[in-house]
C-alpha cells in the first residue's frame, strides 16, 4: 500500500512536469521563457566590479555567482515575474521583481552598507517576500549565522536566541522549538516545506533533521494555520537545505567540529552539482558525544548520543520550473537521563535491574565514554519527498509530496537491553498543492489544499503510552496580497478537518515488568488481561483566517499589523494517552472528550532602518480557547496518585481551559563605524491560565514552559578585506541575561522557581584564501558559557530530574552545560569541469 501511494505521487509529479512542458508560450518578449538572465554587479560608488556576489531567484531555487569580472548568467529560466536578490558581504542586499518574459539583462549596483536588511522568506507566502514588508511576524537565520554559532549541538538550538523563540531541552541534543510560549504539537516543523512528523507530543527526542544539511531557517512567529493547518497554532519553523549550485559547477566541502565540554565529534561531507539544469547533491554526516559536564554535577550521566545521517537529492531546473526528489535517513541513539543520585555523595547512580531495588554509583570510566548505555532511545526517520514549482498558464503550480517513516524505541530494561520498552512505528504521507497567479490588477493570489495521512502502530513493547491509530487531515485555503503604493495588504482564509480513529488494545500483564500486547481470543475473559485503550473515532474541524497590513512611510520607516485565527486538533496523546513516560516518570492519561483549540492573535510592530541604526518594536496578544495542559491527580490527603502497575510514576491527566499569552520584542542594532556592530534584543512573554469562568488558584495562574525576560547584547567586528590571506574576518563578544522566572506553573510541583543568570559568549573566525582570493579553509571558533556559570534554565526538563527526597539545602535537579568551546573547520573544494580555452 505504501509503495503504491508513493508511486502514485511520482506518477502525478511526472505527469504535471510533462504537461507543463507542453503549455504554449508567448515568444514575443525579449525573453521567451526559455532563456537567461545575465548582467554585471558593480559598486555604486566606485563603479568597480564585484566578483563573488550571489545572484539568486528564491522562488525558482536557482542562481549564480559573479565571476572575476563581476558578470553572472542564470540559464533555463521560465517566463513570469520573480524576485531577484543580489547580495555580498559589506553591501546592502538588492531586491527587485523582474519580469523574465521581458527582461534578459539586469545590471545591479550595490551600495556599501553595514545594515543587514532586506532578508527574503519563502515560508507561508505566495511568492518570495522581504520580511520587513510582510505583515506576518517572521524571522530568518542565514548560513553564515549557523556557521559562526557552531557550539550549538542541534538544529533547533540554532534559532533559540531569536527574540520570541526558545527551546525546551532534555540535554544538549534534544530540543523542541517554542514560539511565544507554545511548542510541541502547537508548532509545525518543516524541512524544505514538508511537514516533519515524529511523535511531536513526546519530550525525550528532538527534531529528526541533520543540522549539517541545513543552510537557512525561517520562522513564522504566530498562528500559521492559514498555510499549514492544524498544529501551526503557535507558528512554523522551516528548515531549508542548500539550494542548487550554479550551472556547470560541482562543489563540495568537508566539515569537522569539536566541542570541548562533551567531546563532541561532528563530521560532514557535502557534494553538489549542476549540469545543464540537472542538479544533484548529497550530505553524509556523523556525530557523537560523551556525557556533558558542569561544575555543580560533574559529568551528567545519560546525556551522551550518537547520530548518523545521509541525504541525497536529484532534480531538474528547466524553463518550465524545477522539480526535486529528496531522500534522507536520520539515525539517533540518545541516552536517557533520570537524575538519580547517591544520597550521601550526590554522585549519579544507574538502574541495573528491573526491580530497581539497588542502584550503584556510575563509574568515571562510563561517564567519560562514548559508548551508548543500555538504557537509551533509538530514533530512526526515513524520508522521501519531492518539491516542484511548474510554470502553468499564467501562474505557477507548486506540488510538495512526502512520505516518512519514524521508528522510535526506548530501551528501559537493564537486564534485557534488547527488549524495547517503547516501540512506535509512524508512517506519514503529506501533500501540499497550490497555484500562484496574479488575479485582476496584480493581486498576488494562491489557492491550495494540503494535509496528511498518518498511521501509527505500537509494535512489540512493554510500555504503551498511546494506541495504534490512523489520522487524515485536509484543508483548502487561499491567500491574497496586493500593494497600493506604500500600503501592502495580505489576507486569506482556510477550513480544516482532521479525522482520527484509534484502535482498542488489551495488555497481558502476566509477566512482571514485561507486559505485552494481547492478540488472543476474547480478551474480556482472558486471565491477567486488561484493557489499555478503548477504540474511538473523532473528527475535528474549524475555519481560520488572517489579515494584515504594512505601511511604508519611507524606505527607512514602516509599521505593520496582523490579526490571525489558528486551529489545533487535540493530539493522540491528549485524547487517549494511558501509559508511562520513562523519561519523566509520569503516567499520562488522556481525555477523548476534548474540543479543538482555537486562538486569536494580534501583532503590531514598527521598524526603523537608518544608515547607522536599525531598530524594531513588536507586541503580540494571543487568546486561546480550550487550551490543553496536564494536571496531577491527587489523593484525598493531597498526596500524588501513583499508577499501581508503575508505582514510581505519578499520574497526570490532561485538562482544558482558556489561556492568554502576550508580550513583545525589541531590537536595536547600532553601527557607529562600518565594521562595528552593536546588536541588542529583548524579548518578554507572559502566559496566563484564565480558567473556565471561575477563579483560578495561584498555583494554576501561569502556563507551563514560559520563558523569562531575555536580553541579548553582542559586540561584533567584521573585516571583509581581512589581513593578507585571511578574509571575511569576524570577532564577537556576547552577553545573555535571563531574568528569574517567578511566574511558573506551580501546581503539583510541575514547575518551580528558576533563578536568573548571565551567560558570556565569544567567537572569532575567517577564511584562509589562495592567491586568487578563493577560500581554501574556513575557521569558526565559538565559546559559550565562558564564565562556567552553574545555572538551570526553566526551559530545561533536566531541572526536575532527581531523587524523590533531596537533602535539605541542596538545589535539586540537573544543571545546564558548563563552559564549552567549539572548533569548526570547513574545507571547500571545486570539481567543476575546466572551461576550454577560447570558450
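Key figures
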{"item": "Those residues of segment 374-390 which are under 28 Å from the mean Cα position of the chain (by Cα) and in a loop (DSSP other than H, G, I, E, B), in sequence order", "result": "375"}
{"item": "Only one of 472, 495 that is out of contact with any helix residue (DSSP H, G or I) (no Cβ under 6 Å at 6 or more places or on another chain), in the same structural domain as residue 438 (by TED's automatic domain parsing) and surrounded by fewer than 16 Cβ atoms within 10 Å (Cβ to Cβ)", "result": "495"}
{"item": "Some residue of segment 470-483 being under 21 Å from residue 564 (Cα atoms) and out of contact with any strand residue (DSSP E or B) (no Cβ under 6 Å at 6 or more places or on another chain)", "result": "yes"}
{"item": "Boolean, residue 764 is within 29 Å of residue 211 (Cβ to Cβ), assigned by TED's automatic domain parsing to the domain that holds residue 166 and touching a helix residue (DSSP H, G or I) at 6+ places or on another chain (Cβ under 9 Å)", "result": "no"}
{"item": "Flag if residue 565 is in the same structural domain as residue 643 (by TED's automatic domain parsing), part of a strand (DSSP E or B) and within 30 Å of residue 378 (Cα to Cα)", "result": "no"}
{"item": "Any chance residue 338 is closer than 30 Å to residue 815 by Cβ and in a strand (DSSP E or B)", "result": "no"}
{"item": "Residue match in segment 84-100 (condition: touching a helix residue (DSSP H, G or I) at 6+ places or on another chain (Cβ under 7 Å) and either under 28 Å from residue 221 (Cα atoms) or modelled with pLDDT of 85 or more (or both))", "result": "yes"}
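Quick grid of which residues meet (1) surrounded by 21 or more Cβ atoms within 10 Å (Cβ to Cβ); (2) at pLDDT 95 or above; (3) under 27 Å from residue 774 (Cβ atoms):
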site: 254; (1), (2), (3): no, yes, yes
site: 262; (1), (2), (3): yes, yes, no
site: 277; (1), (2), (3): no, no, yes
site: 284; (1), (2), (3): no, yes, yes
site: 288; (1), (2), (3): no, yes, no
site: 293; (1), (2), (3): yes, yes, no
site: 323; (1), (2), (3): yes, yes, no
site: 332; (1), (2), (3): yes, yes, no
site: 357; (1), (2), (3): no, no, no
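Condition check ((1) in the same structural domain as residue 426 (by TED's automatic domain parsing); (2) modelled with pLDDT under 95; (3) surrounded by fewer than 16 Cβ atoms within 10 Å (Cβ to Cβ)) across all residues:
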residue: 538; (1), (2), (3): yes, no, no
residue: 550; (1), (2), (3): yes, no, no
residue: 555; (1), (2), (3): yes, yes, yes
residue: 580; (1), (2), (3): yes, yes, no
residue: 586; (1), (2), (3): yes, yes, no
residue: 590; (1), (2), (3): yes, yes, no
residue: 593; (1), (2), (3): yes, yes, yes
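The values are calculated or read from the model by the stated rules, or taken from the named source; none is laboratory data. Nothing here was measured: the structure is a model prediction, and the numbers come from that model. Neighbour counts run over all protein chains shown; Cβ positions are idealised from the backbone, glycine included.
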